[in-house]
Every structure is written in C-alpha cells, then in structure tokens.
1. When you go through (1) of a type in the set (A, V, I, L, M); (2) over 25 Å from T62 (Cα atoms); (3) open to solvent by 70 Å² or more (accessible area, probe 1.4 Å); (4) modelled with pLDDT of 85 or more one by one for L144, which number turns out not to apply?
2. Of the residues V108, V187, which is open to solvent by 30 Å² or more (accessible area, probe 1.4 Å), β-branched (V, I, T) and farther than 29 Å from I32 by Cα?
3. Go through segment 15-65 and give me each residue that's modelled with pLDDT of 85 or more, over 27 Å from L145 (Cα atoms) and β-branched (V, I, T).
Amino acid sequence: MVKRKTWLDKRGQKIIFIVCLSFLFGVMGGAIAANLMGADAKTELSGVVRNAIEIQQTGSFTATFWKYLKYDIIIWLGGWLQLGLFLSGMAFLLRSISLGFASAMMMVTYGFKGVWSAMLTLLPQNIVLIPAYIFIMCTAIYYLLTWNEGKGKRGLKRERRRKQTEYCLLFAASVILIAIGAGIEVVLYPL
C-alpha cells in the first residue's frame, strides 16, 4: 500500500513559513521605504494621499476585482513556468511592499489618525486578500517543485494531469477569495 503525501508535509511547512516571512519582510520594507523618504518627498506624497482620499472613488466591483486579480493571475502563472518562482515572487513581493507603503504613508500623512484610517480603509478587504495571496503563492511554489514527481512515463503523465487539475481548482478557490475581498471593498467604500 502506497502512503500518500499530505500537502502539509515538511516541504509544505517550509514553503508556508518562507512565503509568510517574505510577505512580512515586504510589508516592513514598504513601511521603511515610506519612512526613509526625504521631507520634501513625504510632504508632496502626503498631499497626493490627502487629495486621493478626498476624491476617492472605488468604482465598480469589476474594476476592484480586476485590480486584485492581476496579482493572483501573475502568481498563479508563475507556478506553470520553469523560472516562474521569480515571476510569482516578484508579484507577491510587489503586493506586500505596496501594502506596507500605503499603510505607512497613511500614518505619515495623518499621524495617529492614520493608524485608524489604515485599519478602516486597508484592513477589512486585506483580511481576505492577504491569505488568498499567501495561499496561491504557496501552491505555486509547491506545484512548481512537484510537477515532475511520479513513477514511469504513464504514471508521470497521469500524475502531472492530476496535479494540473488540482492546481487549476486551487486557483479557482483563490479567485473566489479575491472576489470576496473585492466585494468587501466595494460594499464598505461605495461611490
């Protein structure tokens, strides 16, 4: 009897740890970048943030959904490519850096009120979006590393097809999470 590997084997645990750690470093890097800007740049960007918040219009569900789905698709596509880890990693890191930068700029712009502002405007949808991005990044890395596992030509082909189907279904699950996050943003911040 062949014992099936579970997804949370040692490899899966390492992947989850590394992905979460890289997201944390990306957020911290974005926050540090926002705080290390010169005084002139901070003042100018603070003015832009204030103007953007005053005229903020989130738009339709479709526009908001597409805004978040782009990262999800790029990360997912990286799981299919040989050098996809670089593509997925860069999209994932860009998303984490932009989240940290946006939060820090709100805090720089509004001081202590910026903490509350960031919590109220960035946190609700990101409670769903961040796990979705971490989930799809972990699956992209895991499947990228396991595409060629299998025994024999027929077994390899059958196993690869099964993994491709699983990977597509997991992407569909992440798209549902992205839709929920976009829905939260549209409902909480209507026109």
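1. Result: L144 fails condition (3) only.
2. Details: V108 fails: farther than 29 Å from I32 by Cα.
The conditions single out V187.
3. Within segment 15-65, I32, T62, T64 qualify.
Residue by residue, here is whether (1) at pLDDT below 90; (2) of a type in the set (D, E, K, R) holds:
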residue: G111; (1), (2): yes, no
residue: W116; (1), (2): yes, no
residue: Y133; (1), (2): no, no
residue: A140; (1), (2): no, no
residue: R154; (1), (2): yes, yes
residue: E159; (1), (2): yes, yes
residue: L169; (1), (2): no, no
residue: G181; (1), (2): no, no
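The values are calculated or read from the model by the stated rules, or taken from the named source; none is laboratory data. Just so it is clear, the structure is predicted and the values come from calculations on it, not from any experiment. With ligands, DNA and RNA removed, areas are computed over all heavy atoms of the protein, side chains included. Shrake-Rupley method; radii C 1.70, N 1.55, O 1.52, S 1.80 Å.
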